[in-house]
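A.B. asks: Sending over a structure as structure tokens; questions will come in a sec.
Derivation of every value follows stated rules applied to the coordinates shown; laboratory data play no part. Worth saying up front: this structure is predicted, and the values here are computed from it rather than measured. Glycine also receives a Cβ, built like all others from the backbone with ideal geometry; neighbour counts cover every protein chain displayed.
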There are 4 protein chains.
Amino acid sequence: MNIKLGTNAYGKNAVNLSKIIRHADHHEFRQVSVNVALEGDFDTAHTLGDNAKILPTDTQKNTVYVLAKEHFTNTIEEFGLHLANHFISNNPQVSKARIEILEHTWQRMAFDGAAHTHSFTGGSTEKRRTLITQTAAGAQVSSGLQDLLLLKTTDSGFENYIKDQYTVLKETSDRILATKCEATWEYTTTDLDFEATYHKIRTSLLHTFAHHKSLSVQQTLYAIGEQILLANDVVKEVSLIMPNKHHIPFNLEQFGMENKNEVFMATDEPFGYITGTVVRE
Amino acid sequence: MNIKLGTNAYGKNAVNLSKIIRHADHHEFRQVSVNVALEGDFDTAHTLGDNAKILPTDTQKNTVYVLAKEHFTNTIEEFGLHLANHFISNNPQVSKARIEILEHTWQRMAFDGAAHTHSFTGGSTEKRRTLITQTAAGAQVSSGLQDLLLLKTTDSGFENYIKDQYTVLKETSDRILATKCEATWEYTTTDLDFEATYHKIRTSLLHTFAHHKSLSVQQTLYAIGEQILLANDVVKEVSLIMPNKHHIPFNLEQFGMENKNEVFMATDEPFGYITGTVVRE
Amino acid sequence: MNIKLGTNAYGKNAVNLSKIIRHADHHEFRQVSVNVALEGDFDTAHTLGDNAKILPTDTQKNTVYVLAKEHFTNTIEEFGLHLANHFISNNPQVSKARIEILEHTWQRMAFDGAAHTHSFTGGSTEKRRTLITQTAAGAQVSSGLQDLLLLKTTDSGFENYIKDQYTVLKETSDRILATKCEATWEYTTTDLDFEATYHKIRTSLLHTFAHHKSLSVQQTLYAIGEQILLANDVVKEVSLIMPNKHHIPFNLEQFGMENKNEVFMATDEPFGYITGTVVRE
Amino acid sequence: MNIKLGTNAYGKNAVNLSKIIRHADHHEFRQVSVNVALEGDFDTAHTLGDNAKILPTDTQKNTVYVLAKEHFTNTIEEFGLHLANHFISNNPQVSKARIEILEHTWQRMAFDGAAHTHSFTGGSTEKRRTLITQTAAGAQVSSGLQDLLLLKTTDSGFENYIKDQYTVLKETSDRILATKCEATWEYTTTDLDFEATYHKIRTSLLHTFAHHKSLSVQQTLYAIGEQILLANDVVKEVSLIMPNKHHIPFNLEQFGMENKNEVFMATDEPFGYITGTVVRE
């Protein structure tokens, strides 16, 4: 029985890049982390140690910085498309280039209502991101966000579930629903207004989370995915990861008090982990 | 030569507590992490294993949750003072109680300009915090913040420093200044408007960072501390930790291009670490 | 165009479980983290909020602890198989159960060559792990390890790669090769000695890393995968993730000294990221 | 009321350095992280932005790498003393230099009992460390370790503590005792065999932990400190931080089973936090 190379890829991860975009009267500041991964004809690198078709990951890193000068002027999607195209166009041995970009949020400082020209505070834990996949057949863009903390203090319950011999959880019609949301949506085209579309989808997500009467995390997840698809023809499908960040009512009754859904223990582990993709038929 | 117990303390750390404060037409949501530390007459616990004067850390944890019901309704400083007082008043063997509270930020969602009644997104990495220290002589409050990312794209330089045989750093009159700021200030009194004072000091910090023409991190640090003291009689001294989060210009010249302070490598390690306390004479 | 639920799963993650296995003259101590994920007929939970087919993640957690009492007595693979079978057998709505178990290493203390009966130190960052996937068709076991730091100080080079306009990396026939290895191998059967097989494969991995003359990370990765397959008929395929943990020679030449491959800067980011699967034809 | 600079320091942190020490027939590999902090006459840097007395942190970093070539050949204590002396001797404006060094553990691979000449696996989470403080009056060395996970499955209890209105914890004469130990000891001299002394103290610590019948974490902490002082005249005092890593018996009784101290939930937060210094009278 013979042995051979299967799926493989290589590239540079965590290329941490910041950029000042200098306008006449103010500066923009952008900070991203870029991952490059290349797939292609790399069999002899693995089997013979022949590096003739290997573009070093150090070169990939340099390429990201160099191309950022002229081509990182707008959305991470446009920068990513440019990077993917560069690697595919200049490397015949590469059959697929994947560019992942994660953008850190910075917020412009304001004083007495006036935006400051060049000072910023770090934004939230939330990060915008994109994944560009390019082959000879063209490019595909998935965009999304991660580490978005969402919480609602009511309009969430969990009832009527299976009870087996190991079930002690109490049903509740009123609990905290909290998650650290990760959302990824696949676009049907690369020719669109990535900035406006991103913000429209993000608002859909927040609005659905806030206004939905949740009977379970699953139901909220589906409602968010459905709403994004209904409102955005350019989205082919949506994947959501919604871990349940539990806030467990503290047992005040043992001390002769009542906990009217006021005081909670916030726990990190263990946690419910709910994932789902919502698609078009 | 005899051996004996020196400085010691014990308590419960990371008591993660969340609270819904229910108003008629909207909910507030607060999330904190509380550390309790007690000092006192614990010699025989150490030397004999006699626990007669030990209030279990599990009890300390319960106490935090129980007292939160009625007493965590306002600032973390007021809640901390209540907790410290509880432990001192009820435990004669305790000579000093230290309560540290770290508050996570949550932001109320808004849609079309209207604040939502019960939905929130996680805020920034920045956390507000306080340390209450109480003895028989009374309570002392230090407040502050941590993990506040600050960045300015200009009005910062570093020149005219010592050059020795190991110096290769190039002087610059225009660089990015970025830090993950930790600030701690000691109040002269426990009788003040903790909420308003906190926000006034935080604004001072941001305003000075943004408007100062920085010749070094040290100078910016001092300017922030000085401004906080000048503007706030109730502050006795200010300690600042301002690591230098380096953004290093990428060497585009090696590829025949010019880097007009546009493209930077953001690095985490190693990092400059600048600390200082600004005091009143 | 209609919208529907696609791939989805839910379960409890990070069920942190420790166990004392009590023998007459000594104790064993085991610590694992278990993730449970269920797939199945959950459409109405998503679309209608009907939880009639939902086994709560809290119940899943309890099940893990309860079944550990009698069934976590040997390898994580055997415990995982028991858990997967439990969820499949008792829940007709579940079509697939996935059980991931990560085991922390603890080392028994020894004094003057004598093993202590009940005291342990935490082991390395390395963790053993398994993933059990069970459907009506049977169970599949993948095992592996993660966070295994490997480093060799010589017998590693990187030469004869592509040089394009952005390449500045210097070729070297002698560099440090270091990685944080993640390895996953799929077994052809569930009926084997998981303990002995694991250790045999792990030794193969270490031995190949140590003795291979590396011309690239890719070549080393392939050599490891190939050796594991050659030596273990019960392994169907091996996937390896071998990030390049760079140790970059410090430029002593700028200070008039020579760096004979002695002094290095250890960097975390950016890093090369090399992945590959080695399979049987 | 005037405002002035109080305590302050600056330096470079996280100078991540690795070194190959090349012997005729084998290589040693060492990896450390160095923090440099300088105190001294830096008032005008803060108040005027005058950098004339500021040795850049970038220069400090270079100095660490350069001096490692010749002077990091033995213990971290000896390397640290050399670094501290360099900064004090060459910088009259510096009144105190603090050098902290953290050493990562690597273990030489062995096959069939034979040590490999140049291949290593990453060691445990435990790290050895030292802090050198040098002024005109001389140098002071504190050494220690951190992130040492210790666990015993029996010979530990917690009973006869205070019960107040918020106490629900049950007394136990047999529990798991686990901690992530941090130990720091101050030497009376800089003229000693740092390597042998370190290992002797570490063994004392482990031996006491293993053999002590623990009535509380406090008692174990004190016993360890006492034993280190009794056995090592060169140690002036010992500080220990011993967070209680709780392993809580899982409630099997609710499911009709008995938990004979077998199955535990391992929790990270909240956690008991026990600290103490043991000194000579």
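A.B. asks: Kindly provide the pair-distance distribution of the protein assembly as shown built from C-alpha pairs, with 20 Å bins from 0 and whole-percent values in order of increasing distance.
C.D. replies: Cα pair-distance distribution for the protein assembly as shown, in percent: 10, 39, 42, 8, 0.
A.B. asks: As I understand it, the value is the acute angle between the Cα axis of helix C:217-231 and the longest principal axis of the Cα atoms of chain C; what does it come to in degrees, rounded to 10?
C.D. replies: The helix C:217-231 is inclined about 50 degrees to chain C.
A.B. asks: Next up: Shielding by partners for B:255-266, please: the mean number of other protein chain Cβ atoms within 10 Å of each residue's Cβ.
C.D. replies: 6
A.B. asks: For segment D:141-202, take N as its residue count and report Rg(C-alpha) divided by 2.2 N^0.38 Å.
C.D. replies: Scaled against compact globular proteins, the figure is 1.71.
A.B. asks: Could you name the lysines whose alpha carbon sits less than 16 Å from that of C:Lys236, not counting residues in the same chain fewer than 8 places away?
C.D. replies: Qualifying lysines at Cα under 16 Å: A:Lys4, C:Lys200.
A.B. asks: Can you sort C:Met257, A:Met242 by how many other beta carbons sit within 10 Å, fewest first?
C.D. replies: Ascending Cβ contact count within 10 Å gives the list C:Met257, A:Met242.
A.B. asks: Using the 7 Å Cα-to-Cβ label point, sort the distances from B:Gln165 to its equivalents in the other copies shortest first and give them in nm to one decimal.
C.D. replies: 4.3, 7.2, 7.8
A.B. asks: Enter the angle in degrees (range 0 to 90, nearest 10) between the Cα long axis of helix A:57-71 and the first principal axis of the Cα atoms of chain A, meaning the one along which they spread out most.
C.D. replies: For helix A:57-71, the angle is close to 80 degrees.
A.B. asks: Please identify which residues in segment D:154-184 have an amide N closer than 19 Å to a label point set 7 Å out from the Cα of C:Ala110, following the Cα→Cβ vector.
C.D. replies: none
A.B. asks: Averaged over its residues, how many other protein chain Cβ atoms are within 10 Å of peptide D:164-172's Cβ atoms?
C.D. replies: 6
A.B. asks: Separate question: Computed FRET efficiency, Cβ-Cβ of D:Thr167 and C:Gln146, R0 35 Å: what is it to the nearest 0.05?
C.D. replies: E(calc), rounded to 0.05, equals 0.25.
A.B. asks: Neighbouring Cβ atoms within 10 Å as the yardstick, rank C:Lys245, A:Lys213, C:Lys96, A:Lys19 fewest first.
C.D. replies: So the residues, fewest neighbours to most, are A:Lys213, C:Lys96, C:Lys245, A:Lys19.
A.B. asks: So, one more: What distance in nm separates the two pseudo spin-label positions at D:Asn259 and B:Ala52, each 7 Å out from Cα along the beta-carbon direction?
C.D. replies: 3.2
A.B. asks: Length gain on complete extension for the stretch B:Leu230 to B:Asp193, per 0.36 nm per residue less the alpha carbon to alpha carbon distance?
C.D. replies: Length difference between fully extended and current span is 11.5 nm.
A.B. asks: How many percent of all Cα-Cα pairs in segment D:10-136 sit more than 23 Å apart?
C.D. replies: Summing the P(r) tail past 23 Å for segment D:10-136 gives 40 percent.
A.B. asks: Moving to a separate point now. At q = 0.09, 0.15 Å⁻¹, what is the base-10 log of I(q)/I(0) for chain D according to the Debye formula with one equal point scatterer per Cα and no solvent? Please give it to two decimals.
C.D. replies: -0.59, -1.17
A.B. asks: Across segment B:74-81, in residue order, what do the Karplus-derived ³J(HN,Hα) couplings come to in whole Hz, using 6.51 cos²θ - 1.76 cosθ + 1.60 with θ = phi - 60° and x for Gly and Pro?
C.D. replies: For segment B:74-81, the Karplus-derived couplings read 9, 7, 5, 5, 5, 5, x, 4 Hz, x marking Gly and Pro.
A.B. asks: Starting from the amide H of C:Thr73, placed 1.01 Å from N in the peptide plane, find each other amide H under 5 Å away whose residue is 5 or more places distant or on another chain.
C.D. replies: none
A.B. asks: Just checking the output field for A:111-120: average partner chain Cβ neighbours within 10 Å of each residue's Cβ?
C.D. replies: What the average comes to for A:111-120 is 5.
A.B. asks: Something else: Gain in length, D:Thr73 to D:Lys200, computed as 0.36 nm per residue apart minus the alpha-carbon separation, to one decimal in nm?
C.D. replies: So the extension gain works out to 43.6 nm.
A.B. asks: Counting Lys and Arg as +1 and Asp and Glu as -1, what is the net charge of the other residues whose Cβ lies under 11 Å from the Cβ of A:Thr44?
C.D. replies: The answer is -2.
A.B. asks: To the nearest Å, what is the center-to-center distance of segment D:115-152 and segment D:225-281, using C-alpha atoms only?
C.D. replies: Each part reduced to its Cα centre gives a spacing of 21 Å.
A.B. asks: Here's another thing I want to ask about it. D:Asn74 label points, 7 Å along Cα→Cβ, one per copy: pairwise distances from this copy to the rest in nm, shortest first?
C.D. replies: List, nearest first: 5.3, 6.2, 6.4 nm.
A.B. asks: For B:Lys69, give me every one of the lysines with a C-alpha distance below 20 angstrom, ignoring sequence neighbours fewer than eight places off in its own chain.
C.D. replies: Within the straight-line cut-off, B:Lys69 pairs with A:Lys152, A:Lys260, B:Lys12, B:Lys19, B:Lys61.
A.B. asks: Oh, and also: Work out the length of the dipole vector of the protein assembly as shown about its Cα centre, built from +1 on the beta-carbon of each Lys and Arg and -1 on the beta-carbon of each Asp and Glu, and round it to the nearest 20 debye.
C.D. replies: 0
A.B. asks: Answer with one residue from D:Gln165, D:Asn232, D:Leu215: the one whose Cα lies farthest towards the positive end of the charge dipole of segment D:143-236, charges on Cβ with Lys, Arg +1 and Asp, Glu -1.
C.D. replies: The one lying farthest along the dipole's positive direction is D:Gln165.
A.B. asks: Since chains D and A are linked by a rotation, which residue in D has the beta carbon closest to its axis, and how far is it in Å?
C.D. replies: It is D:Asp268, 4, counting Cβ atoms only.
A.B. asks: State to the nearest 20 debye the size of the charge dipole of segment B:1-135 about its Cα centre, where the only charges are +1 on K and R beta carbons and -1 on D and E beta carbons.
C.D. replies: So the magnitude is around 120 debye.
A.B. asks: About the Cα centre of segment D:139-281, what is the dipole size in debye to 20, counting +1 per Lys and Arg Cβ and -1 per Asp and Glu Cβ, all else neutral?
C.D. replies: Rounded to the nearest 20 debye, it is 180 debye.
A.B. asks: To the nearest 10 degrees, how steeply does helix C:194-211 sit against the main Cα axis of chain C, on a 0 to 90 scale?
C.D. replies: Helix C:194-211 sits roughly 10 degrees off the main axis of chain C.
A.B. asks: Turning to a different aspect of this structure: Please report the base-10 log of the normalised intensity I(q)/I(0) for segment C:89-229, using a Debye sum with one equal scatterer per alpha carbon and no solvent, at each q in 0.13, 0.21 (1/Å).
C.D. replies: Each listed q maps to, in turn, -0.79, -1.25.
A.B. asks: How far, in nm to one decimal, is C:Arg22 from itself in the other copies if the label point is set 7 angstrom along Cα toward Cβ? Shortest first, please.
C.D. replies: Output for C:Arg22: 4.5, 5.8, 7.4 nm, nearest copy listed first.
A.B. asks: Here's another thing I want to ask about it. When only Cα pairs under 8 Å and 6 or more residues apart are kept, what is the percent relative contact order across chain B?
C.D. replies: 12
A.B. asks: Sticking with this structure for a sec: Once fully extended, how much extra length lies between B:Asn90 and B:Glu28, figured as 0.36 nm per residue of separation less the alpha-carbon to alpha-carbon distance?
C.D. replies: Roughly 19.2 nm would be gained on extension.
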